[in-house]
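Down below is the structure, laid out as structure tokens.
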Amino acid sequence: MASEPRASKPDDQPTDLLAARAGAARPTGFFDQPGVRKFMKNKPAVVSLGIIAVFFVAAILIVAGGDSLLRLAGSPVAPANLPGFGIKPDRETRVTHADELLGKVERALEAREPESALADVGFEQYRLVDLETAGGIEAIEAMLEAAYEALDDFDDDLIAYEDVLFERDDVVDDAADEGVEPDAEVLAELDAELLQLDAAVGERLVTLEERVAELYPRPTSLAYEASVLLGTDRQGRSLSLRAVYAIKTAVQIGVVTSVIAVLFGGVLGAAAGYFGGIIDHAVVWLYSTISAIPYLIWLIVIAFVAREYQMPFAFLGLEEGQSLGQTLIPVYAAFILTFWVGPCRVIRGEALKIRGLDYVQSAVSVGASANRILVKHVLPNTAYLLFINFSLLFVGAIKAEVILSFLGLGVQGQPSWGIMIRDSKDEVIAGFFWQIGTATAFMFVLVLAFNTVSDALQDAFDPKHVG
Amino acid sequence: MWSYVVRRILYNIPIFVVIIVVVMAMLRINDPTFAYLGKNPTPEQIEAKRVELGVDQPFFVQVWDFFASGFGLGERSWYAESRTVDAVVLPAILPSLAITLPALALSTTLGVCIGLISAANRGRVLDRALVFLAVIGMSISFLVFIIIGQYFGAYRLSEWLGVEVFAVRGFDLGVGDDVESPNVLQHIAAAFGGWAHYCLLPVLISVVVTLGYDTRFYRSVIVEQSTSDYIRTARAKGASETRVMVKHLLRNALIPIITRVMITLPFVVVGSLLLEIYFSVPGMGQTLLTHMTNKDFPVTQTIVALLAAIFILSNILTDVLYAIVDPRVRLK
């Protein structure tokens, strides 16, 4: 209806064209903004954004999964320090595992009520064969007997192997003492014997494992396969499950601390920069005080104090007298109280600049209140800085969590990458890298994604940034 | 200049005082008394201990006592009861510096060099590879570098060579230990040997960790400088590329470099906290952590005061260095 009279009025057309042109020149959609466009052109950054989204979705799913997941991540699923991807551990570990599994059956058989004790033997899914399937306690006893025989056979062969090994060492040592080359013929003979015995020991081990497998049928479920995919830790807990659960811990800590710290620092910084005067002095003084000692010291002091703090009254689901040590609050407090300084400083500088710009001046001239200008004009125009800082703080929080956890001041009661890395230090000395590798890989992907996104954000929105 | 320095120091005294008051107040949120008593203490014992530790005094009296006693240096440590605070804190300074100063020097030099190389090849494969490596290094936890570095550098290397090149833990410069009729040179050699044995591996690990951040920072500084007019002028008058880079560019990039080094200086004192704990080096970071978690307030407060003082002084020194490096900077 409205277009008809317009079409009949040719002199309206230029206005229309102008409006159309203005529409093209002043994009209104989010994706039309030059910064956003530049960001979307950065392929690695978009991929990284996708990865971050996957981590966030995983975190939400884990929260939805509730306590059963947490319990599962904390209970043993298989023998300790199993390597991932179905790789067999070294012989020593394999024998220890077999010995351990058989010991559990033996102890259960000696219990006052063997039936119920036997029903409890095993891990989450990797369990002792069902009593009825096996054919009663006698059958289990017989299988155990057979397995122990296999273990004895293995031990005998191992001793025979080691005897030959010692003999060979003696030959080499004797020759060295006399200052002559060892007799090549004797050595070759011994080496051949060693090779043969080695194969025999290997076979014995396979037999032993077969006997054990009769007692403990290997679960075929996908859930079990997934839980041992990346191996197990020193308590036989699934590394893959723990690392995945730690996504939730990391995202939780990262989101809570960076959102609060960025908003707090941002508002304070914008107020300081915009109002100037006494507020500016106070804010600058506050953050120079906080940054006058290394942030690690604040983290440690705050986390340490908060951990031992006991609630004086019930609040936020905490009971009166409950220590904060079991919650994430000490970590939050430490991170928020130290991390707000960065965004505050940056945004204060930006607000100082914005204060003198025309659009703020015109807002002042039409009589907008200072608070309105701050919230409607100053803060939105520092939004890109808020995002960049959010991204930077998120990375900072994840990495600082590792340090706090290592110092025993970090997360308690739920798996985190920091706890996994801390736990792995003794395993690494023993040559077991699966725990440190798993935690590092998970953390690496998320942190790298955030680093890439922060870089791309700075490239796209910060004119001062050098790419 | 001296009036400037004095004024800056005076201006920073309130900051210094507030930090100490805040830390003292935070520490006192939880009562330290029970940590020093056995199980089920009687009320009399609690009261006696409170008086002994001095926590029965009003808070500001305690603050006053801290400053009046020369930043608590002469006080008795609560945790290491036989020692005074200065006997705990002062010996910890040398081990910390033995790791952090070489690490800072090495990573800055390497960072500037790699930054220069990267900036000179800006946009090419080499530059991209270096930037990518730096981001990868930044995305791995410090702790992982330490654990893996110690495993390969200390355990495996010693196993492989049959000699312990790098110690797994400890700190001992071993001055005058193994040397018969020592002279100064032998002392220095022994100290260097001890340093290399105990500190070189932590230093290298620290360099690897910080190199990613340093390289990126110095690269962007240099790239920013290399687009400025004076560089074009220098090239136009026919200066060689090396001369442009070193003589013109590096000199002008000195201000951000100094800023960064000076800002990191107080941080490196405790930045090596993890390294110190992992390699059992009795430095400031380790001392602070041990004594704080054992509720030794005097030692904690003194270390915090020391760090704050270092930070404030290094800030002032930074400004003075600016004026020396750049004649345009006037200290007012």
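So the values come out like this:
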| read-out | value |
| --- | --- |
| Extreme residue, positive dipole direction of the protein assembly as shown, given options B:40, B:316, A:294 (C-beta unit charges) | B:316 |
| Entries of A:376/A:464; A:41/A:399; A:464/B:247; A:38/A:464; A:41/A:248; A:248/A:425 with Cα pairs more than 19 Å apart | A:376/A:464; A:41/A:399; A:464/B:247; A:41/A:248; A:248/A:425 |
| Label-to-label distance, nm, for residues given as residue A:284 and residue A:75 (7 Å Cα→Cβ offset) | 6.0 |
| Förster radius 25 Å - calculated FRET efficiency between residue B:259 and residue B:8 (Cβ-Cβ, nearest 0.05) | 0.95 |
| Peptide-level mean, for A:427-434, of C-beta atoms on other protein chains within 10 Å | 3 |
| Convex hull per residue volume in Å³, alpha carbons only, for the protein assembly as shown | 318 |
| Degrees between helix A:417-429 axis and first principal axis of chain A (Cα, 0 to 90, nearest 10) | 30 |
| Total charge dipole magnitude, the protein assembly as shown, about the Cα centre, Cβ charges on Lys, Arg, Asp, Glu only, Debye to nearest 20 | 8280 |
| Cleavage-rule hits (trypsin sites (Lys or Arg not before Pro)) in the stretch A:89-147: DSSP loop, at most 11 neighbouring Cβ within 10 angstrom | A:112 |
| Residue-averaged 222 nm ellipticity for chain A, from DSSP H runs of 4+ at -39500 (n - 2.57), nearest 500 | -23500 deg cm²/dmol |
| Cα-based reach from residue B:39 at 24 Å (exclusive), listing lysines while leaving out same-chain residues under 8 positions away | B:49, B:295 |
| Unit charges at the beta carbon, dipole of the stretch A:365-426: most positive-side option, A:405, A:419, A:366 | A:366 |
| Lys/Arg +1, Asp/Glu -1 at C-beta; the protein assembly as shown dipole; positive extreme among A:34, A:340, A:391 | A:34 |
| For residue A:373, net neighbour charge (Lys/Arg +1, Asp/Glu -1) across residues whose Cβ lies under 14 Å away | +2 |
| Theoretical ellipticity at 222 nm over chain B - DSSP helices of four or more residues, -39500 (n - 2.57) apiece, nearest 500 | -23000 deg cm²/dmol |
| Net +/- balance of residues flanking residue A:122 in space, Cβ distance below 15 Å, scoring K and R +1, D and E -1 | -2 |
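Read-outs throughout are calculated quantities, based only on the coordinates presented, and are distinct from any laboratory measurement. Note that the structure is a prediction, hence the values are computed from the model and not measured. Cβ sites come from the backbone with ideal geometry, for glycine too, and all protein chains shown count toward neighbours.
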